[in-house]
Amino acid sequence: MLKPLLSIIVPCYNAQPYLARCLAPLLAVEQGLEVILVDDGSTDQTGAMVDQYAASHPTLIRALHQANGGHGAAIMAGIQAAGGDYLKVVDADDWLDQAALLRVLAFLQELREQGEQIDMLVSNYTYDKVNAPRKKTVRYPHLPTHQVFSWEAVHLPLGEYLLMHAVIYRTAMLVNEAHLALPRHTFYVDNLYVFQPLPFVKRLYYLDVDLYHYFIGRADQSVNEAVMLKRIDQQLLVNRLMIRYYTQVTSLDSGLGKYMAHYLEIITTISSVLLLKDGRPAALAKKQALWHDLAQFDPALHNLLRHHWLGLGVNLPGKIGRRVAVQGYQLAQKWYGFN
């Protein structure tokens, strides 16, 4: 059997209401594709649905079942089983555009025929927000097109950083070079999934297609602000893991280091604003501790982030300063369409 061009991992936890929509565009594009459904200890009918899809599409879909280990554990199980040249994670409540997926597969086929490979393929994603009057699509007009490029060519402005939804990785790079490992029973590991392999990404390519639909805005969603506040310690854990990893692998002197610092700026701002919105003394102490730890781990990175306008904004003094920071974040939410 010909090796798949692309492995798509679908972590599934109680995904019964959404799984059919997620799989519909994939079922219509069988050639060059493998789909790995990872049932992460679901308590609804997700496990049975996964088996039914695998039985009815045996050349396309593989079913994995495991005790609940969280999003990271499901991704890792899928990576270990993946056989494609390249790999993408699609959450079970999200979906891919079929026409864009065909263009991605055609591009990956061209790479294979030319004996070429890249480490990361970047494409666009759309916030499909519940009850939103408009759909916001994140594109990357500041990236080079129609060419392979390196980190020295990456100069992304605010709002254009690379979420999990935007990236396709070379599978062998993830497994054999980056040795990606994600923590179990931890939310928000998608940031680690994108962040940790970056030092091993040498060849990038931007394909300007609107591939990923990010279904957002439900009250039960992990990125809902009320839910994030309840799980703030997990957000802070991921934030600190990213900071520590940064100090081990790069510096501000390189294009890669500048981009990774930009990514950390966004994540640290989100953590800070959530704690400011909480407003209780314990939450404000956690925010102060996060910035203190950043200064301890990497003084140069702390100095850069602390004195950039986002760092200045989330560290304004007093109640008025905290209110200004939160209001600024809320304006950004409306403009960019996230959360």
Any idea how far apart D51 and K230 come out in nm if each label point goes 7 Å out from Cα toward Cβ? 3.0 nm
Förster radius 45 Å - calculated FRET efficiency between L2 and Q327, Cβ distance, rounded to 0.05: 0.25
Run the reach check for K135 against lysines, Cα to Cα strictly under 21 Å, same-chain hits fewer than 8 apart removed. What comes back? K334
Can you list the lysines whose alpha carbon sits under 21 Å from that of K3, skipping same-chain ones fewer than 8 residues off? K88
Listed by chain and number, the aspartates and glutamates with an alpha carbon less than 17 angstrom from that of K230, same-chain partners under 8 positions apart left out, are D220, D278
Tell me, what is the FRET efficiency for A282 and Q114 to the nearest 0.05, using R0 = 56 angstrom and their Cβ-Cβ distance as r? 0.50
So, for the chain, what is the accessible surface per residue at a probe of 1.4 Å, expressed in square angstrom? 44 Å²
Where Rh is the Kirkwood radius over Cα pairs, Rg/Rh for the range 1-121: 0.97
Counting every Cα pair in the chain, what percent are over 37 Å apart? 16 percent
What is the distance in Å between the Cα centres of the range 266-329 and the range 124-192? 24 Å
Students often check this: by mean Cβ neighbours within 10 Å, which of 88-96, 22-30, 263-271 ranks highest, and how do the rest follow? 88-96, 263-271, 22-30
Sorted from largest to smallest, which semi-axis lengths in Å does the alpha carbon gyration tensor of the range 89-167 give for its equivalent ellipsoid, taking the root of 5 times each eigenvalue? 24, 18, 10
Given the range 242-330, what whole percent of its Cα pairs are spread farther than 16 Å? 50 percent
Using the alpha-carbon atoms, what tilt in degrees (0 to 90, nearest 10) does helix 71-81 show relative to the longest principal axis of the chain? 40 degrees
To test your reading of the geometry: what angle, between 0 and 90 degrees and rounded to tens, separates the Cα axis of helix 232-249 from the longest principal axis of the chain? 80 degrees
Quick check on my link table: of K129/K286; K136/K286; K202/K277; K286/K319, which ones sit more than 28 Å apart, alpha carbon to alpha carbon? K129/K286; K136/K286; K202/K277
Share of carbon and sulfur in the accessible heavy-atom surface of the range 180-339 [1.4 Å probe, %]: 58 percent
With axes computed from alpha carbons, what is the tilt in degrees of helix 46-56 against the longest principal axis of the chain, rounded to the nearest 10 within 0 to 90? 30 degrees
Sort the range 186-310 into rounded, prolate or oblate with this rule: let a ≥ b ≥ c be the square roots of the eigenvalues of the Cα gyration tensor; rounded if a/c is under 1.5, and if a/c is not under 1.5, prolate when a/b is larger than b/c, oblate otherwise. oblate
For the range 75-211, what does the alpha-carbon gyration tensor say about shape, rounded, prolate or oblate, given a ≥ b ≥ c as the root eigenvalues, a/c under 1.5 as rounded, and a/b over b/c as prolate? rounded
Of every hundred units of 1.4 Å-probe accessible area on the range 9-125, the number belonging to carbon and sulfur atoms, as a percent, is 49 percent
In this structure, the FRET efficiency calculated for N303 and D208 from their beta-carbon separation, with R0 = 35 Å, to the nearest 0.05, is 0.50
For the range 111-151, the Debye formula with one identical point scatterer on each Cα and no solvent gives log10 I(q)/I(0) at q = 0.19, 0.25, 0.29, 0.31 Å⁻¹ as -0.73, -0.94, -1.09, -1.15
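The values are calculated or read from the model by the stated rules, or taken from the named source; none is laboratory data. Keep in mind the model is a prediction, meaning the values are calculated, not measured. Because the Cβ atoms are built from the backbone with ideal geometry, glycine has one as well, and the counts that use them run over all protein chains shown. When the accessible area is computed, the model is the full protein with side chains, heavy atoms only, and any ligands, DNA or RNA have been set aside. Shrake-Rupley method; radii C 1.70, N 1.55, O 1.52, S 1.80 Å.
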